[in-house]
1. Just the number, please: percent antiparallel of the DSSP beta bridges in the chain, rounded to the nearest 5.
2. With a 1.4 Å probe and every protein chain left in place, work out the accessible area per residue of the chain in Å², rounded to a whole number.
3. At a threshold of 8 angstrom on Cα-Cα distance, excluding pairs fewer than six apart, so keeping six or more, what relative contact order does the stretch 118-176 reach in percent?
4. What does the highest-first list of 87-94, 158-165 look like by mean Cβ count within 10 Å?
5. Net charge within 15 Å of G181 by Cβ-Cβ distance, Lys/Arg positive one each and Asp/Glu negative one each, not counting G181 itself?
6. Gain in length, A182 to D206, computed as 0.36 nm per residue apart minus the alpha-carbon separation, to one decimal in nm?
7. Please compute the modelled spin-label separation between D31 and L220, points set 7 Å along Cα→Cβ, answer in nm with one decimal.
8. Need one number: nm distance between label points at T5 and T62, each 7 Å from Cα along Cα→Cβ, rounded to one decimal.
Amino acid sequence: MADPTAPGLVLSPTAAVGRDVVFGANVVVHDGVVLGDGVVVQDAAILGKPPRLSPRSSAPRTAPEPLVVEDGVVVCAQAVLFAGATIGRDAIVGDQACVRERARIGAGTVVGRGALVDNDVTVGARVRIQSMVYLTAQSAVEDDVFLGPFAMTTNDHTMARHAPGQALRGATIRRAARIGGAAVLVPGIEVGEEAFVAAGAVVTNDVAARGVVMGVPARLVRRVPDEDLLERWA
């Protein structure tokens, strides 16, 4: 069992804590949270935070399931993990990062400092989400994707001028795609397997598998060569 004597620890009596869990100072663990074996939670992290939605939010209002943090996860200082999220085995959630309700983070994925994974996002295994990335609600990221610093996805063409109940469309980023720093993906974009989006690009059309795009708006300039495919570097 974890040592419950970490200074300032607030640990709900309904939380389930595995073996050899390590808590830093001033950690808050809300009701029902499940922590696997060997989890490390650094100073001032908040686990299982209940969502609070705007009256005009289109996000589901049903009470989320408990937060699940699987074996070997590291939750860094001041990170916030919402109720209903699942953090896969051996993942790392960086300092001041946030993972919202019903988001799923795959095994071995790294969520960088200050990144935000919004509600109802699915992230695969071994994904590298660099500092300050924003993954908007209803996005899907497959295994082995790279997201450079400040990359951003969006999900609302109307910017809040849509009819009540209208579905939002986040990005779909296929296996081993690479998104450069500060790139912007407009709502509903699909980036194909092994595609490459250059830094600062504004992607307004789908990107084909192995396509290399750059510019504002992004244009196809070539294909990813065989020697740059993931299997050559794994």
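The values are calculated or read from the model by the stated rules, or taken from the named source; none is laboratory data. Quick caveat: nothing in here was measured; it's all calculated off a predicted structure. Cβ: placed from backbone, ideal geometry, glycine included. Neighbour counts: every protein chain shown. For accessibility, only protein heavy atoms count, side chains too; no ligands or nucleic acids. Shrake-Rupley method; radii C 1.70, N 1.55, O 1.52, S 1.80 Å.
1. 5 percent
2. Accessible area per residue, the chain: 49 Å².
3. 36 percent
4. So the peptides 87-94, 158-165, ranked by packing, come out 87-94, 158-165.
5. +3
6. 6.9 nm
7. 5.3 nm
8. The modelled label-to-label distance comes out at 4.4 nm.
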